[in-house]
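Below you'll find the structure, written out as structure tokens, and then a few comments.
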Amino acid sequence: MKSKKSKINKILEIFSLNAGPLALNISKAIELFKTEKAEGPASLVALRFEKIFNEHGVETSQIPRLIPQVKLENLDDIPDSLISSLTDDVISKTVDLFKIKRSWIEGFGNKIYQESWYYKSPEYFFEDVANLDFSHRNIFYPVIAFCTTSELNYGRYPKH
């Protein structure tokens, strides 16, 4: 007998001749799009602080390893217990650690990362790629490139 919870989470079921029956569970995706419910601006900062660590695979109890100014006792009753330890220095270290926009963690807007645009300047793109740390083989670096022509020809551009 199937549980009621699994029945609720199963949104789409597909049958494939090659792979058999497939089911899509989007409960995790829905969880990512939920908005933070905070009592005030300080609570929102605390919730976003915890969220950025959790979304990068760092459990809440592991935060003091990366940000020593935050103590385990500050993580008991988030957001209230965490607010007092979110100093300017703690927020700055978090922003630097995850390369996120400070305005997001402070509750201004919904864009976490600064977008990079390389319109007509691919050399800047390759400079940024050259600065990436590829020593971690399990990290995925997505790249999306748009082209305005249907025919690519490397020979039509002058060599430097």
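The values are calculated or read from the model by the stated rules, or taken from the named source; none is laboratory data. Please read all numbers here as calculations on a predicted model, not as lab measurements. Every residue, glycine among them, receives a Cβ derived from its backbone with ideal geometry; neighbour counts consider all protein chains shown.
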Q) Is the stretch 23-36 home to any residue that is of a type in the set (A, V, I, L, M, F, W, C), modelled with pLDDT of 55 or more and either in a loop (DSSP other than H, G, I, E, B) or in contact with a Pro (Cβ under 6 Å, 6 or more places away or on another chain) (or both)? A) yes
Q. Restricting the search to the stretch 44-97, which residues are hydroxyl-bearing (Ser, Thr, Tyr) and either more than 20 Å from LYS111 (Cα to Cα) or surrounded by fewer than 16 Cβ atoms within 10 Å (Cβ to Cβ) (or both)?
A. THR60, SER61, SER81, SER84, SER85, THR87, SER92
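When you check GLY109 against the structure, is it within 30 Å of ASP128 (Cα to Cα), exposed (fewer than 10 other Cβ atoms within 10 Å of the Cβ) and modelled with pLDDT of 90 or more, yes or no? Talk me through it step by step, then tell me what you get.
Numbers: within 30 Å of ASP128 (Cα to Cα): yes; exposed (fewer than 10 other Cβ atoms within 10 Å of the Cβ): yes; modelled with pLDDT of 90 or more: no.
So GLY109 does not fit the description; no.
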Q. How many residues are at negative phi and under 22 Å from the mean Cα position of the chain (by Cα) if we restrict to the stretch 105-129?
A. 15
Q: Keeping to the stretch 53-76, report how many residues are aliphatic (A, V, I, L, M), under 18 Å from the mean Cα position of the chain (by Cα) and part of a loop (DSSP other than H, G, I, E, B).
A: 1
Q: Take the residues in the stretch 118-160 that are β-branched (Val, Ile, Thr) and loosely packed, with under 10 Cβ neighbours inside 10 Å, then tell me which one is modelled with the lowest pLDDT.
A: ILE139
Q: State the number of residues belonging to the stretch 79-112 that are closer than 16 Å to LEU44 by Cβ and either part of a loop (DSSP other than H, G, I, E, B) or of a type in the set (Ser, Thr, Tyr) (or both).
A: 18
